Each structure stands twice: as C-alpha cells, then as structure tokens.
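J.: One structure is given below, represented as structure tokens, and several questions about it will come after.
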Amino acid sequence: MKIVPLGANVVVKRLQAEECSAAGILLPDQAKQKPRQGRVLSVGDGRMLPDGSRVAHQVSEGDRVLFDGYVGVELLIDENELLVIDESDILAILP
C-alpha cells in the first residue's frame, strides 16, 4: 500500500538502529535510541502559500534524511513502521 501525504508532509521509513556502540559493545533493545535517519518514501504537494500557489519540496523520494528522534506520527502499514512528518522537521539530506 502506498501512502500519499498531503501538503508539506513527508512519509519516511526509519533506518535500523545501531546494534553496537562506538566501542563495539552489543546494545540491548532498551539501550537503543530511536534512529534519527530515514529514507523518504513519498512527498505531498508542497506547502501552500497565501496566494494559493505551492512551494515544491526540498526533499524527494529516495533521499536519506536526518530528523529529530521524536517528531511526526508513527504508523504501522503492511508490517512496516513508517513516520509521517512535516518537511520543516527534516534537518538535513544525507549523502
């Protein structure tokens, strides 16, 4: 099932959490932080301006992005955990 977000919203799938610390210690599930990186799956029409026109998104489908750990709305669709966030909550596009 494909989700099409409205307006300035973006659908992101979080990347997997790190299994080991920087020192190589295996982390238990309770110690793992929510990943702050994800892959953009779909984008909306863009933010609407007061004159009725729309601003195009700065991100596109397939981009790897960085965002704050606790933003958006989490959804479970076809056993995939997805996140719907506002484009303004995206901090950076990663290479």
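Any read-out appearing in this document is the output of simple, stated calculations on the displayed coordinates, not a laboratory observation. Owing to the predicted nature of the structure, the values given are computational and were not obtained by experimental measurement. Glycine also receives a Cβ, built like all others from the backbone with ideal geometry; neighbour counts cover every protein chain displayed.
J.: Stretch residue 73-residue 3 to full length: gain in nm at 0.36 nm per residue minus the Cα-Cα span?
T.: Working: separation 70, 0.36 × 70 = 25.20 nm, distance 1.32 nm.
Extra length available between residue 73 and residue 3 comes to 23.9 nm.
J.: With each pseudo-label sitting 7 Å past Cα toward Cβ, what's the residue 91-residue 48 distance in nm, one decimal?
T.: Spacing of the two 7 Å Cα→Cβ label points: 3.1 nm.
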